[in-house]
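The values are calculated or read from the model by the stated rules, or taken from the named source; none is laboratory data. As the structure is a computational prediction, the values presented were derived from the model and not from experiment. Methodologically, a virtual Cβ is constructed for each residue, glycine included, from the backbone with ideal geometry; neighbour enumeration extends over all protein chains shown. Ligands, DNA and RNA are stripped out before the accessible areas are found, and what is left, the full protein with its side chains, is counted by its heavy atoms. Shrake-Rupley method; radii C 1.70, N 1.55, O 1.52, S 1.80 Å.
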Amino acid sequence: MARDQDTVPSQSWIEDFRGLKSLSSELLDTLVRQSKIVTLPAGAQVFGPGMSPANYLLLVEGTIRVQQVSEGGREIVLYRVHAGESCALTTACLMGYEDYLAEGIVETDVRAVAIPRVLFDELMARSQEFRRFVFTAFSKRVTNLFHIIDEVAFARIDIRLAQKLLDLTDADGRLDMTHQQLASELGTAREVISRQLHEFQRRQWIRSSRGHIKIEDRTALSALATSG
């Protein structure tokens with residue numbers, strides 16, 4: 001994982017994870033003393049297929065993109081881990097003593113708390129409050145993954161693309177992303193995205209150039225995104 005690790009200096013990061021505040025003072029002190037703060041730059045790989053998790057990660061700052069890559073090289077974004085969240089795949093691999101089947105890529109510089117596997121196992125065994133914290137976060141992410149599966153399997157691509165554009169563009173309606181990257185976000189082929197973007201542009205809903213998209217008619221895209 002991260003090459004530079006420092007002992008967590010205080011309990012300040014606990015404030016970002018309210019579910020941990022119910023731990024006993026003894027366990028909370030152990031958690032703070034034995035955990036580490038890790039930092040990772042944008043573009044770094046947090047984990048990848050075949051790797052075993054060494055830590056339970058809690059993000060304090062930044063975003064991690066978790067994605068699956070097929071044997072043919074096709075990517076699909078499963079979910080993102082944001083500040084105040086944990087990684088569901090890491091949780092599953094820790095509990096099942098399994099290796100990763102997907103990869104985690106840092107999208108923006110990350111600062112995270114790394115709870116060593118030995119400590120994670122100890123707290124899971126000793127503390128009902130810690131188990132509740134872990135399983136609550138895990139169950140929410142699994143529910144979200146089922147929504148993604150449902151969308152990929154059943155939702156129309158034009159509706160999903162319209163919603164994704166609305167979600168990812170900035171306040172000015174701009175997005176710096178290639179057709180291939182959008183295809184990875186939506187779990188489809190680049191050609192499918194290119195055809196649909198061309199149709200959006202024909203309708204004057206967007207303006208598209210290489211690696212750049214600008215929303216011209218947010219109302220029309222919103223109407224399509226909610227039509228399903």
* Asked: Just checking, how many residues over the range 146-171 are of a type outside the set (Lys, Arg) and open to solvent by less than 50 Å² (accessible area, probe 1.4 Å)?
  -> 10
* Structure fact -> Subset of the range 124-142, residues at pLDDT 95 or above and touching a strand residue (DSSP E or B) at 6+ places or on another chain (Cβ under 8 Å), comes to 134
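Yes or no, residue by residue, for (1) assigned to a strand (DSSP E or B); (2) open to solvent by less than 40 Å² (accessible area, probe 1.4 Å):
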{"position": "59", "(1), (2)": "yes, yes"}
{"position": "68", "(1), (2)": "yes, no"}
{"position": "80", "(1), (2)": "yes, no"}
{"position": "107", "(1), (2)": "yes, no"}
{"position": "112", "(1), (2)": "yes, yes"}
{"position": "133", "(1), (2)": "no, yes"}
* Asked: Hey, does the range 175-189 have a residue that's touching an Asp or Glu at 6+ places or on another chain (Cβ under 6 Å) and open to solvent by 30 Å² or more (accessible area, probe 1.4 Å)?
  -> no
* Structure fact -> residue 15 fails exactly one of (1) over 26 Å from residue 150 (Cα atoms); (2) open to solvent by 10 Å² or more (accessible area, probe 1.4 Å); (3) in a strand (DSSP E or B), namely (3)
* To do: Considering only the range 179-198, state which residues are out of contact with any Leu (no Cβ under 8 Å at 6 or more places or on another chain), assigned to a helix (DSSP H, G or I) and either of a type in the set (S, T, N, Q) or within 15 Å of residue 65 (Cα to Cα) (or both).
  => 180, 181, 183, 184, 194
* To do: Can you give me the number of residues within the range 82-101 that are in contact (Cβ under 8 Å) with a residue 40 or more places away in the chain, surrounded by fewer than 17 Cβ atoms within 10 Å (Cβ to Cβ) and among the small types (Gly, Ala, Ser)?
  => 3
